[in-house]
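Bear in mind that the values in this text are calculations on the coordinates, not laboratory data. Everything quoted here is computed from the prediction, not taken from an experiment. Cβ atoms come from the backbone with ideal geometry, glycine included; neighbour counts cover every protein chain shown.
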Amino acid sequence: MRNLSLTALGLLASALSFAGNGSSGGGHIHGDQLNPWFLSNTTEVTYCLEISKDFSRIPEPKLRALVAEAFDYWKEEFAQYPTDRSSEVEEAGFEVKLATQNFKLSEACTPSVDIRFQLGSLSPEQLLKIPNYKQTIGLASRTSYDTKSLRGSGFIYVAPEAGQLRPSSVNMHPKPWSSGTHQALRYTLIHEIGHVFGLQDDHYSSYDLDIMSAKFVEAITSTRNVNYLSRKSQPRIPSVFGCNTSWTGDSGVVEYDVIGGEGPNELDRFLGLLEKKKLRFVSQNKKLEVLDVTTGTVNATVDLGASNADFDQSTDAIALYLTSEQTVFARFPRRLLTVSNAIFFRSNSVIKKGLTLKVHNGNTLPVFVSFDQACAPTVGGVFKGEVFFDLYSGY
């Protein structure tokens, strides 16, 4: 259990987007290269599938369904994005919406198609531009962009399971796409389509299975994780936008051991009243419930709706770069032109303060609850002038 001071508690208050590999030395001028390919002024986006015989054993109808599911994933994510986070663009009176389009499958990959899914295939010209293709599992490449309508087009490439283009990694599962319920492919498609919406690889994520982690595609196609995904129909992947504390469900944090109960410290004796040893946390109806893993009974609760303040540590997730050529936003402020403007954010941690832990035996303790990006909670509190960041420990 980490003991912090009260002062410390107050401080708490391209054209090519590669997946699973690649690096950058920084210092580049990106301009509109990081922009979403489509904003809400584009009502329909067409896409097609170009499937190599080496790609997988998955029938084409199932491949079509997986691509459609990947688009639906992002439509739901953006629809649930917290509305209480503002940007300079929104403060100027302009609302930016993403993933509002009708995504329509085209039977032929004609030049007019907006997104070409190249499943296991690269053209000779593309191979010349991607010299490290044997180290590439997937990538999204924007090949054209209209600075007036803010509309782009390009291709998404996913490497095959066999043949010359199969990646050379020894950690890659022999049949990552064909195995189980094809979840590795579904999430790889989701990751790559995320780049279409302007999300970049997160090189600082603490979760390899964070959907936009720079290591995500490499991790999701490893033998270990493909076997894991084969046993799970819908594994829980943290939202790219971080934890929304109105989220409902099991946090997945188990095997917490209660600290205390044996020592002379008064706080130890208080925590000893919890009695139960193996705990997990469930968030529902704006309450955090501490459950005994063995019996499933509620051991303690925290009313999250009673918080009097939130501390949200966020970073930029999606940016928009506009010039005077654009015609999408009328009378757009000149101060926001030719600069990168954050329009969506990633919540790295949220702290809800002014809460009360109510123990099953009637005891109470003032606490705060910190949620990390994956909604895993940490309960901390102030006891006789001392701040304890985690009243429960199990990591």
Taking the simple approach of a point 7 Å from Cα along Cα-to-Cβ for both Val382 and Glu88, what is their distance in nm? 3.6 nm
What are the semi-axes of the equivalent ellipsoid of segment 328-395, taken as the square roots of 5 times the eigenvalues of the Cα gyration tensor, listed largest first and rounded to whole Å? 42, 13, 11
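Could you please report the charge total around Thr301, scoring K, R as +1 and D, E as -1 over all other residues with beta-carbon less than 9 angstrom from its beta-carbon?
Numbers: positive: Lys287, Lys358; negative: Glu289, Asp303.
Within the 9 Å Cβ shell, the charges total 0.
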Chain lengthening between Thr297 and Lys134 when straightened (0.36 nm per residue, less Cα-Cα): 53.5 nm
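Among rounded, prolate and oblate, which fits segment 170-210 when a ≥ b ≥ c are the square roots of the eigenvalues of its C-alpha gyration tensor, a/c under 1.5 means rounded, and a/b larger than b/c means prolate?
Numbers: a/c = 2.61, a/b = 1.53, b/c = 1.70.
In terms of gyration-tensor shape, oblate.
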Can you compute the label reach from Thr223? Point 7 Å from Cα along the Cβ direction, backbone N cut-off under 11 Å, restricted to segment 172-187. 172-175
Computed label-point distance, nm, for sites Arg231 and Asp54 using a 7 Å Cα→Cβ extension: 3.3 nm
Projected convex hull area of segment 16-231, Cα atoms, direction-averaged, in nm², equals 13.0 nm²
Note down the nm distance, to one decimal, between modelled labels 7 Å out along Cα→Cβ at Ser123 and at Ala68. 2.8 nm
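Report the gain in length on full extension from Ile29 to Lys97: 0.36 nm times residue separation, minus Cα-Cα distance, nm rounded to one decimal. Display every interim value, and only then the final one.
Numbers: separation 68, 0.36 × 68 = 24.48 nm, distance 2.50 nm.
Result for the pair: 22.0 nm of gain on full extension.
Taking the Cβ of Phe332 as the centre, find all other residues whose Cβ is under 15 Å away and add up their charges (Lys, Arg: +1; Asp, Glu: -1).
Numbers: positive: Lys148, Arg331, Arg334, Arg335; negative: Asp32, Glu88, Glu90, Glu91, Glu95, Glu325.
So the surrounding residues net to -2.
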Going residue by residue through segment 78-84, the Karplus relation 6.51 cos²θ - 1.76 cosθ + 1.60 with θ = phi - 60° gives ³J(HN,Hα) values, rounded to whole Hz and with x marking Gly or Pro, of 5, 5, 9, 4, x, 8, 8
Euclidean distance between Cα centres, segment 125-194 to segment 351-393, Å: 43 Å
